[in-house]
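Single-structure report; data block below.
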Amino acid sequence: MLQVPQEESSRVRRQPAAAPLRIGLLGLGTVGAGTWQVLERNRQHILARSGRPMQIVAVAVRDLARAARIVGSAVQLTDDPWEVANHPAIDVVVEAMGGTTLARVLVLQAINQGKHVVTTNKALLAEHGAEIFAAAEARGVIVAYEAAVAVSIPIIKALREGLVANRIEWVAGIINGTSNFILSEMQDKGIGFAAALQDAQARGFAEADPRLDVDGIDAAHKISLLAANAFGTAIPFGQVHAEGIAGLEAVDLQYAEQMGYRIKLLGVATRGGSGLEVRVHPALVPVDHMLAAVQGSMNAVMVKGDASGTTLYYGAGAGSEPTASAVIADLVDVARTADCASTQRVPCLAFQSHAMRALPVVPIAVTTSAWYLRMGSDASPQAERAILRTLLRCGLQARIHGRYTQPDRSVHHVVLTQTVPHAALQQALAQLALLPMRTGKTQAIRLERLE
Ligand code: HSE
C-alpha cells in the first residue's frame, strides 16, 4: 500500500471559530464508549470535516465510577437519563442505551425539548419509528440512525441520498453480524453453536439479549428500516417474517457446502406486483456469489435500483468502533445541517475548505509492493537458476510457483515475490533483461492485499 508521509507540506489555515455541537450521551456501553474514544482520537480530523467541534457535555450511565474512568472529570456524569434529555446546554442526544421503553420516552422528551437525536437503536425505531419521526418532523429536529442498520456501512445514506434517482426493486443482505459470525465459525472451524455465540458475546457483537440475534429479530428490525427507506412505506416490522439460525445444524452447513452453497442469514425486502415481501431467514447462497464471501461479523447489503443496477455495500456489522463510526457520521450530518452557517454545510471535497492541506504524494519509486513475475527462458536448467540468482542479487527472495512449457519449448517461470521496494524490482527487471537464456519481456504485476 502507498504510504503517505505523516508530515504535512503546508500549514493548515486557521480554523474560524464555530459554535461546538453540544452532545449528551445516553449510555456508555460498547457503543457509547466507542463513540467517546473515536471522537477523542480523531478530534481534529472530524473538525476538519464538520467545521464544528464536537463537545460531549453530559453522559447518563448506571455505573458512574466506570464512566469516570473512561471520560475523566471534564464531562458531567449522571445516573439520571432525564438530566440529559432535558439538559438546556445540549443540542443533540445520542441514544445508545438500548431497549424500547425508557429509550422511547427519553427520545421523545429530547425531541420535545428541541434536541436532535442520533440513535443506534433499531428495535426502538422498528417498533416506534412512526411516532418518533412524526414528533421530530413536528418539532423540526433531526433523528438520525445510520448505526442502527449494518453499523459501519452507510446504507441509510446510500438509500436516502446516493440512490434517490432509482425505483428500488429490492434490498437484501447479511445484516446481523452475530449470526454471520456464528455460521462462519461453525462452517469454517467446526465450532459448536453455543461456543460460537459465547465468543460473539465476548467480542461485543451480540445484543444484550442474544436471542434477538439468533432468532432473526434484530435482522427483522433492520430490514424493516431498509424497506421503509427503499420503498417509501411505513416501517413494516409487524409484518416481517423472521426465522433465525438457532434451528440450523452443522450437517446442513456441510451438505450445502458439498453442493456448492453457503448458508447465510439473509434479510430480504422486495417489491413485487402484489406488494412487498419482507423476510428474514437462513438461505443457501451459491458459493461464488459475493454474499457467500461475507464472513465473521461482517455485513453486506445489496440494493437493486432500476437505473443503478445492483450495488453492493460491505463492512463491519457489529462492534464498538465500527458502530461509533456511523454515530459520528450522523453527528457530523447534524452539525452540517442544523444551526450552522451555510458555508460550513457539506463541503465540495468533504473537508472544510480552510482545513484542506497539501499532503505530499510519494513518488511511485519509493513505494513498496509484492509482485507476480512471469519470466520466459529456454528450457535449460541453468536458466531457472540464473533467474533466481538474479532476483536474489536484487533483494527479491522468490521461489518458482509454476513452470509452464510453451509450444516453442521455451518455459514460463512464474514467481510471487515478498514485499520489496520499487527500486529493487526495477533493478531486477533490468538485470533479467540481460540474461542470455531469456525469451521475451518479463511480465510484472503488483499483488494488492488491501487489508
Ligand atoms: N447485535 C447486532 C449484530 C449488533 O450482531 O448485528 C449490530 O447491530
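Just so it is clear, none of the values below were taken in a lab; they were calculated from the coordinates. Worth saying up front: this structure is predicted, and the values here are computed from it rather than measured. Because the Cβ atoms are built from the backbone with ideal geometry, glycine has one as well, and the counts that use them run over all protein chains shown.
Taking the DSSP bridge list for the chain and keeping only pairs wholly inside it, about 70 percent are antiparallel. Across all Cα pairs in the chain, the calculated P(r) in 10 Å bins from zero up to the longest distance comes to 4, 17, 22, 21, 17, 11, 5, 2, 0 percent per bin. Annotation: amide H of Thr120 within the under-5 Å range of Glu95, sequence separation 5 or more or interchain, hydrogens built in the peptide plane. When each of the peptides 375-383, 187-195 is scored by the mean number of other C-beta atoms lying within 10 Å of its residues, the order from highest to lowest reads 375-383, 187-195.
Distances between placed amide hydrogens fall under 5 Å for Thr367 paired with His422, all partners being 5 or more residues away or on another chain. With the highest mean first, a sort of the peptides 339-352, 220-233 on other beta-carbon atoms found within 10 angstrom per residue produces 220-233, 339-352. For the range 115-122, backbone phi angles converted through the Karplus equation (6.51, -1.76, 1.60; θ = phi - 60°) give residue-by-residue couplings of 9, 6, 10, 10, 10, 9, 8, 5 Hz, Gly and Pro being listed as x. For the residue pairs Lys189/Lys304; Lys122/Lys304; Lys115/Lys304, the alpha carbons lie more than 30 Å apart in Lys189/Lys304; Lys115/Lys304.
Our coupling estimate for the range 281-298, obtained by passing each phi through the Karplus curve with A = 6.51, B = -1.76, C = 1.60 and θ = phi - 60°, is 6, x, 8, 7, 10, x, 4, 8, 7, 4, 5, 5, 7, 7, 10, x, 8, 6 Hz, Gly and Pro reported as x.
Using a cut-off of 13 Å between alpha-carbon atoms, which aspartates and glutamates can reach Lys222, once sequence neighbours fewer than 8 places away in the same chain are excluded? List returned: Glu127, Glu146, Asp213.
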